[in-house]
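Structure first, commentary second.
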Amino acid sequence: MNIALLGATRGIGRALARLAAARGDRLVLLGRDRGTLERSAADLAARTGRPEPPVVECDLDRPEDFGAAVDAAFDALGGRIDAFVVTAARFATQEALEDDLEETAVLLRVDFTHTIVLCEHVRRRFEAQGGGTIAVFSSVAGDAPRKPVAIYGAAKAGLSHYVLSMDLRHRDRGIRYVCIKPGFVRTQMTAGLPEPPFAADPDVVAARALRAIDKAAPEAYVPAIWRLVMLVIRHLPRAVMRRVGF
Ligand SMILES: NC(=O)c1ccc[n+]([C@@H]2O[C@H](COP(=O)([O-])OP(=O)(O)OC[C@H]3O[C@@H](n4cnc5c(N)ncnc54)[C@H](OP(=O)(O)O)[C@@H]3O)[C@@H](O)[C@H]2O)c1
């Protein structure tokens, strides 16, 4: 497969890039900092013994550059991309966001508005190409109203809505959307946060996510247990949710 990855410099995206590179996929890495991207490309080359994957600068807070970045990613892989994967996102705790409205605005732009605008650029290229898979990392945080993720969860709820709705609209025409919903994963994003049950490592999450991307499954909880956990949480009465801390 030819895979474009935005967010492969760290965490789940890096684990996904390593798995895909190890099995022989051709990659292009997109991200906001050229130096970080080049280090990630060198790491993949050292692991696989193959040439460094090409890199393309793309900052999710600079939507004016998205068109050129998406074109450059297609060009870097000879004009064809089979799957475009977005793991890049921001996170901050609810307390931090309530204290800092600037950061709230940036997070909402990056995790919601601009991620969707980027996906729209990719969709147009996929329409011209005759199909493709757009895989977007949302979160279980978007599945139900909860105290600790009111703002981040709102962005992810909107993002999940977009991805799952677009899949309904476009799958018959060959554009498949994959909405990936991790639970708590041990990455830099969650460093210092208390670990809930079912916390997972990025390698495990990336392996399941890659299988979902291969199958173009419309929705994947990673690890799978989170589908059940969120089903239960969605059905708890609000009176209970007001009293508990999760
Ligand atoms: N970790 C969890 O518990 C968890 C749970 C649920 C959902 N998720 C979701 O899973 C995805 C991956 O999370 P993670 O834990 O792997 O995160 P992470 O380790 O914090 O990595 C975040 C990635 O996003 C990139 N990024 C951040 N802002 C960007 C911007 N403005 N433009 C371009 N790239 C940007 C970072 O690039 P730089 O290297 O340049 O900073 C990095 O590659 C995210 O969508 C996250 O919301 C994570």
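Throughout, read-outs are computed from the coordinates displayed, never taken from laboratory work. Only a predicted model underlies this, so the values are computations on that prediction, with no experimental measurement involved. All Cβ positions, even for glycine, are placed from backbone atoms using ideal geometry, and neighbour counts span all protein chains on display.
Descriptive notes on the structure:
- Spin-label pair Ala46/Glu95, simplified geometry with 7 Å Cα→Cβ offset, distance in nm: 3.7
- Rg(Cα) / (2.2 N^0.38 Å) computed for the range 104-149, rounded to two decimals: 1.46
- Cα-based Rg / Dmax (Å) for the range 98-209: 15.4, 46
- Working from label points 7 Å from Cα in the Cα-to-Cβ sense, the Leu231 to Arg62 distance is 4.5 nm.
- Percent of C-alpha pairs per 10 Å bin, the chain, short to long: 8, 32, 38, 18, 4, 0
- Partner lysines for Lys147 [C-alpha distance under 30 Å; skip if fewer than 8 residues away on the same chain]: Lys156, Lys181
- Rg and Dmax, both from the Cα atoms of the range 11-69 and both in Å, are 11.8, 36.
- Placing a label point 7 Å from the Cα of Glu219 along the Cα-to-Cβ line, the residues of the range 165-195 whose backbone N sits under 13 Å from it are 165-168, 178-182.
- Ordering of 112-118, 176-182 by burial proxy (mean other Cβ atoms within 10 Å per residue, highest first): 176-182, 112-118
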